[in-house]
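Here's the structure, in structure tokens; my notes come after.
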Number of protein chains: 2
Amino acid sequence: MRISELSRRSAVPTATIKFYLREGLLPPGRPTAATQAEYDETHIRRLRLIRALVGVRGLSVSAAKEVLDAVSSVKTDTHGLLGLVFGIWPASAARESGGPRVVGEPARPTGEADGTDDTSDTYAVDALVSAMGWQITEHSPARQAITQTLHTLRSLGVEYGWEDLLPYAELAARTAVLDLDQLEGQDDPLDKAERAVLLTFLLEPALLALRRLAQEAESAARHTD
Amino acid sequence: MRISELSRRSAVPTATIKFYLREGLLPPGRPTAATQAEYDETHIRRLRLIRALVGVRGLSVSAAKEVLDAVSSVKTDTHGLLGLVFGIWPASAARESGGPRVVGEPARPTGEADGTDDTSDTYAVDALVSAMGWQITEHSPARQAITQTLHTLRSLGVEYGWEDLLPYAELAARTAVLDLDQLEGQDDPLDKAERAVLLTFLLEPALLALRRLAQEAESAARHTD
């Protein structure tokens, strides 16, 4: 199909498709003339994935490219590919996760000593990973997100250590079993990685929403007659 | 203490403190002269909470005000207060959670029929809440976040229904038990609400990070020797 039909069928404006092509998010079509190319179903599918990551999940174009590039760089082993996907932590997501966010002033209070430093919180994450028996790469961005959370809570005067996160880690382990089960039956590594991206990124807001609903229900059960 | 000492002890610049005072995020100090006021420990604590929500969690100033106002509006019953906290879904969080994000073009593909509409996804969330036996207010923003996720997945060609979310909802119910347990022992309703805000909002990135770590560990366990 031509770009006009691709635009019609994907509901993405032609100008936006051309932008994605220039940025390398969308692979080029098969050239049919000097200024024309032929697109197929894989382009529609890829456009939907881009729209999900950028338009719905709110990633920046460069973060989405990072995710899509990782998926496209096929590895020989499934774990290498999935590890890549699960380890993806685009810049915009890192900011949401408590990374530094300087807006003309220091993001982290430095005036008062809070009896801790990053080293002790890093150690705390090691202790947590070790207690769970998890096999995790050294520099996973998820480690930093947890370190940052522990640091923030402590700086706010909330006594909170890795032992408090342990029961949450056990529930996360059960969640991961559900996640991986949903990838079974996809034999093609690329299909599997694409599904992993969708279910990892797109389910995140739903999982947080489920926690809110469950909190409300649990509060109602405890505090009302 | 004067505003200069409040600034020093909280490590928040004086200009920022004055901005928070103007915006109503920080309650005024006790006036001691025409242009001077006296601040106390409650202001330091409140400043840390503001910094956590705005600086670390990345909420907008107006979203943070929404959260803090809800906490300050004391209810007679604990559930009323906690329900308010758990139901808070500031505009910026809603965007992260898959709300519409129009950047000069339609956020949601409308070209191709995907065999569904919002009504059926709304019904799906009702079915999920009902299957869990949850008591949830009709207009919880968390409902919309789940509806949107189901819609998005389906529009991307992923067959995904509320039954697929059910095991996740069961894990969310266990998470909520942990969450509510951590509020026990706080008798003062305001203290309880403040702790609920901290542990609801600030734990979110850590919970997502735990899921990523657990996914990596589960993938390693399944796919490597």
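The values are calculated or read from the model by the stated rules, or taken from the named source; none is laboratory data. Every value quoted in this text rests on a predicted model; they were computed, and no experiment measured them. Every residue, glycine among them, receives a Cβ derived from its backbone with ideal geometry; neighbour counts consider all protein chains shown.
Which condition breaks for A:Thr76 when tested against (1) more than 21 Å from the chain's Cα centre (by Cα); (2) under 25 Å from B:His151 (Cβ atoms); (3) at pLDDT below 85?
(2)
What are the pairs, 6+ residues apart or on separate chains, where a residue within the range A:210-224 that is within 7 Å of chain B (Cβ to nearest Cβ) has its Cβ under 6 Å from a residue that is charged (D, E, K, R) and assigned to a helix (DSSP H, G or I)?
Hits for this filter: A:Gln215/B:Asp179.
If you check B:Ala214, B:Ala209, B:Ala131, B:Ala221, which single one turns out to be out of contact with any Ser or Thr (no Cβ under 9 Å at 6 or more places or on another chain), of a type in the set (Gly, Ala, Ser) and closer than 28 Å to A:Ile136 by Cα? I'd like the intermediate steps shown before the answer.
Working: B:Ala214 fails: out of contact with any Ser or Thr (no Cβ under 9 Å at 6 or more places or on another chain); B:Ala209 fails: out of contact with any Ser or Thr (no Cβ under 9 Å at 6 or more places or on another chain); B:Ala131 fails: closer than 28 Å to A:Ile136 by Cα.
Just one listed residue meets the conditions, B:Ala221.
For the range A:194-225, give me each residue that is of a type in the set (Ser, Thr, Tyr) and assigned to a helix (DSSP H, G or I).
A:Thr200, A:Ser219
Taking the range A:9-35 only, how many residues are among the aromatic types (Phe, Trp, Tyr) and more than 23 Å from B:Gly157 (Cα to Cα)? Talk me through it step by step, then tell me what you get.
Keep residues of the range A:9-35 that are among the aromatic types (Phe, Trp, Tyr), which gives A:19-20.
Subsequent filtering for residues that are more than 23 Å from B:Gly157 (Cα to Cα) retains A:19.
Summing the residues that are among the aromatic types (Phe, Trp, Tyr) and more than 23 Å from B:Gly157 (Cα to Cα) in the range A:9-35 gives 1.
Could you check B:Leu166 against (1) over 19 Å from A:Pro205 (Cβ atoms); (2) modelled with pLDDT of 85 or more and say which number it fails?
All conditions pass for B:Leu166, except number (1).
Sort through A:Ala169, A:Ala220 and tell me the only one that's small (Gly, Ala, Ser) and within 16 Å of B:Leu180 (Cβ to Cβ). First the steps, then the outcome.
Numbers: A:Ala169 fails: within 16 Å of B:Leu180 (Cβ to Cβ).
After ruling out the rest, the residue left standing is A:Ala220.
Would you say A:Thr137 is among the polar types (S, T, N, Q), farther than 30 Å from B:Thr147 by Cβ and either within 7 Å of chain B (Cβ to nearest Cβ) or in contact (Cβ under 8 Å) with a residue 12 or more places away in the chain (or both)? Talk me through it step by step, then tell me what you get.
Numbers: among the polar types (S, T, N, Q): yes; farther than 30 Å from B:Thr147 by Cβ: yes; either within 7 Å of chain B (Cβ to nearest Cβ) or in contact (Cβ under 8 Å) with a residue 12 or more places away in the chain (or both): yes.
So A:Thr137 fits the description; yes.
Among the candidates B:Leu165, B:Leu180, which residue alone is in contact with a Ser or Thr (Cβ under 8 Å, 6 or more places away or on another chain) and either touching a residue at least 12 places away in the same chain (Cβ under 8 Å) or in a helix (DSSP H, G or I) (or both)?
On the way: B:Leu165 fails: in contact with a Ser or Thr (Cβ under 8 Å, 6 or more places away or on another chain).
One residue alone meets the criteria, B:Leu180.
Identify, from the list A:Pro90, A:Pro141, the residue that is within 18 Å of A:Ala64 (Cα to Cα), modelled with pLDDT of 80 or more and not charged (D, E, K, R). Reasoning before the result, please.
Details: A:Pro90 fails: modelled with pLDDT of 80 or more.
The match here is A:Pro141.
Going through A:Asp191, A:Asp164 one at a time, which residue ends up being more than 7 Å from every other protein chain (Cβ to nearest Cβ) and either within 23 Å of the chain's Cα centre (by Cα) or of a type in the set (Ser, Thr, Tyr) (or both)?
Working: A:Asp164 fails: either within 23 Å of the chain's Cα centre (by Cα) or of a type in the set (Ser, Thr, Tyr) (or both).
After applying the criteria, what remains is A:Asp191.
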